[in-house]
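Read-outs throughout are calculated quantities, based only on the coordinates presented, and are distinct from any laboratory measurement. These numbers were taken from a predicted model, which means no experiment stands behind them. Heads up, the Cβs are rebuilt from the backbone with ideal geometry, glycines too, and the neighbour counts pull from every protein chain shown.
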Amino acid sequence: MAVALTILVTLLSVLSSASCARMVGGKTEIPEVRKNRQVQELGRFAVEEYNLGLKLLKNNNVDNGREQLNFSAVVEAQQQVVSGMKYYLKISATHNGVHEMFNSVVVVKPWLHSKQLLHFAPASSSTTTTTTTMHPVVRKDN
């Protein structure tokens, strides 16, 4: 009986630790992202911020050869609890009728009513091109 109880307590302890690690700090998949309105809005936000960064570059006479994108949909998403919520989004977008996939990272801090695009780059790219490294933008929700 004592051995069974010890095994049970050990097993529960291990399972509890694993679930806590997943809840705090670990990435979790967001199911059915195409039906998730909040995730789709975050994807649209990421594309808008990317386009805003391009406009800022062009206004400063920097032509990087990139074109503005039209948001299609978020096709995959993960979330991670940080100081707020960090969203890892795979976004389908078009430019000149060509569909491409992009990876982006957005941080949302609801208590500050803010969203920030941290990363935006083609999904096939191994580089870490970001628009917010050059032009950090924290957008406050009304």
Hey, can you grab everything whose amide H is under 5 Å from the amide H of residue 119? Only 5+ residues off in sequence or another chain; H modelled, so Pro and N-termini drop out. 105
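Cross-link list 35/90; 27/86; 86/115; 27/90; 58/90: which exceed 20 angstrom alpha carbon to alpha carbon? Before the final figure, lay out each step's value.
Values: 35/90 15 Å; 27/86 9 Å; 86/115 10 Å; 27/90 14 Å; 58/90 26 Å.
Over 20 Å apart, Cα to Cα: 58/90.
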Taking a ≥ b ≥ c as the square roots of the eigenvalues of the Cα gyration tensor, with a/c under 1.5 meaning rounded and otherwise prolate when a/b exceeds b/c and oblate if not, segment 28-140 is oblate
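Could you tally the net charge around residue 36, taking each other residue with its Cβ under 15 Å from the Cβ of residue 36, Lys/Arg +1 and Asp/Glu -1?
Numbers: positive: 34, 35, 37, 44, 90; negative: 29, 32, 41, 76.
Value of the local net charge: +1.
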Relative contact order (%) - criterion: Cα under 8 Å, at least six apart; region: segment 28-140: 21 percent
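May I ask you to list the GluC sites (Glu not before Pro) in segment 42-113 that are in a DSSP loop and have at most 16 other Cβ atoms within 10 Å of their Cβ?
Details: sites: 48, 49, 67, 76, 100; in loops: 67.
Answer by residue number: 67.
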